[in-house]
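Trainee: Can you read through this structure? Questions will come right after.
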């Protein structure tokens, strides 16, 4: 029987069932014995024992575990569990403490091989083997085999706690950054609104609400009649539409005191509606004439029925209404 040892780069000992995953043979590389193991040499899926350290199970020591061999195009991997014996427990703890110093070896008989050249060297190509066991050792023949992971339950839990803490920290940092951005945007928005309000007060028009009784009855009747005509055309309930009235203060801009003003506008207003008030309310300037009501009321109703439309589109609708009323 022959043995080959390989030096792993890392080892994985699994917490569940105290298992191990170890690469014990690397394909298509020259080892210290001038052998090249081909990918098809080692049988895939075969179950073999895990020998005690340094293949001692061939002497007088019992195996310390067993596992299954898996093969890909690059290496052979041994996935095994340790027996719940003194030897199994000792081997597990030893590999755990050795970490990357652990090496792996395998016992086998060559079934098929041939001599040839490989990278300028005379080597033996191992084409097929009969695999007997895999064993941890202290020295390997190839630097590229590896033990893929070694972890105990406590180590796994500690790793999970670390990942959790890192995740919480990242989430908190991201949330804080987002909150800081939102606070900055909100502060900027408030400042813009404050500056705009001051600007409107300085150059705009202040309006206050009027009692309906001061508006001429003919104007009120015209406004209500316009609601009766155009609300149904726009899909609105004419009986639910309420009318409020407002007028400009005598003075404008900075000379008007806030206590006399209910709202401000950057430009003169003939009417207004949502989003400044409820969706069933239209506010009209008390200075409107009867004819004005037939233009302004459908304009504001259009804003209510089509809130997504721009002011330009609503003005086009108002012009269409005016032309239709004129008989065109």
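Trainee: From the list 324, 302, 238, pick out the single residue that is more than 29 Å from residue 202 (Cα to Cα) and more than 51 Å from the chain's Cα centre (by Cα).
Mentor: 324
Trainee: Is it the case, given these coordinates, that residue 140 is out of contact with any strand residue (DSSP E or B) (no Cβ under 9 Å at 6 or more places or on another chain), in the same structural domain as residue 92 (by TED's automatic domain parsing) and either at pLDDT 75 or above or surrounded by 10 or more Cβ atoms within 10 Å (Cβ to Cβ) (or both)? Lay out the reasoning, then the answer.
Mentor: Working: out of contact with any strand residue (DSSP E or B) (no Cβ under 9 Å at 6 or more places or on another chain): no; in the same structural domain as residue 92 (by TED's automatic domain parsing): yes; either at pLDDT 75 or above or surrounded by 10 or more Cβ atoms within 10 Å (Cβ to Cβ) (or both): yes.
Criteria not met by residue 140.
Trainee: Please list, ordered by first then second residue, the pairs with beta carbon atoms under 8 Å, 6 or more apart or interchain, first in region 80-94 and modelled with pLDDT of 90 or more, second assigned to a helix (DSSP H, G or I) and surrounded by fewer than 19 Cβ atoms within 10 Å (Cβ to Cβ).
Mentor: Pairs found: 82/89.
Trainee: Something else about it: So, of the residues in region 15-44 that are farther than 20 Å from residue 138 by Cα and modelled with pLDDT under 85, which turns out to be surrounded by the most Cβ atoms within 10 Å (Cβ to Cβ)?
Mentor: Filtering region 15-44 for residues that are farther than 20 Å from residue 138 by Cα and modelled with pLDDT under 85, the one surrounded by the most Cβ atoms within 10 Å (Cβ to Cβ) comes out as 18.
Trainee: Same structure again: Determine if region 182-198 includes at least one residue that is at pLDDT 95 or above, over 25 Å from residue 265 (Cα atoms) and loosely packed, with under 14 Cβ neighbours inside 10 Å. Step through it out loud before you land on a result.
Mentor: So the first thing to find is which residues in region 182-198 are at pLDDT 95 or above, and the list is none.
No, region 182-198 contains no residue that is at pLDDT 95 or above, over 25 Å from residue 265 (Cα atoms) and loosely packed, with under 14 Cβ neighbours inside 10 Å.
Trainee: Scan region 39-50 and give yes if some residue there is assigned to a helix (DSSP H, G or I), in contact with a helix residue (DSSP H, G or I) (Cβ under 9 Å, 6 or more places away or on another chain) and assigned by TED's automatic domain parsing to the domain that holds residue 73, otherwise no.
Mentor: no
Trainee: Moving on. Give the number of residues within region 71-82 that are part of a strand (DSSP E or B) and either closer than 18 Å to residue 29 by Cα or not assigned by TED's automatic domain parsing to the domain that holds residue 24 (or both).
Mentor: Residues that pass the stated criteria total 4.
Trainee: So, one more: Given the criteria assigned to a loop (DSSP other than H, G, I, E, B) and surrounded by 14 or more Cβ atoms within 10 Å (Cβ to Cβ), does residue 243 qualify?
Mentor: Taking the combined requirement at face value, the residue does not satisfy it.
Trainee: Which one of these is modelled with pLDDT under 90, under 17 Å from residue 134 (Cα atoms) and surrounded by fewer than 16 Cβ atoms within 10 Å (Cβ to Cβ): 59, 12, 47?
Mentor: Values: 12 fails: surrounded by fewer than 16 Cβ atoms within 10 Å (Cβ to Cβ); 47 fails: modelled with pLDDT under 90.
Just one listed residue meets the conditions, 59.
Trainee: Can you spot a residue in region 266-282 that is farther than 22 Å from residue 315 by Cα and in the same structural domain as residue 311 (by TED's automatic domain parsing)?
Mentor: No; the residues of region 266-282 include none that is farther than 22 Å from residue 315 by Cα and in the same structural domain as residue 311 (by TED's automatic domain parsing).
Trainee: Counting only residues that are under 19 Å from residue 203 (Cβ atoms) and in a strand (DSSP E or B), which one in region 248-284 is modelled with the highest pLDDT?
Mentor: Of everything passing the filter in region 248-284, 272 is modelled with the highest pLDDT.
The values are calculated or read from the model by the stated rules, or taken from the named source; none is laboratory data. Owing to the predicted nature of the structure, the values given are computational and were not obtained by experimental measurement. Cβ: placed from backbone, ideal geometry, glycine included. Neighbour counts: every protein chain shown.
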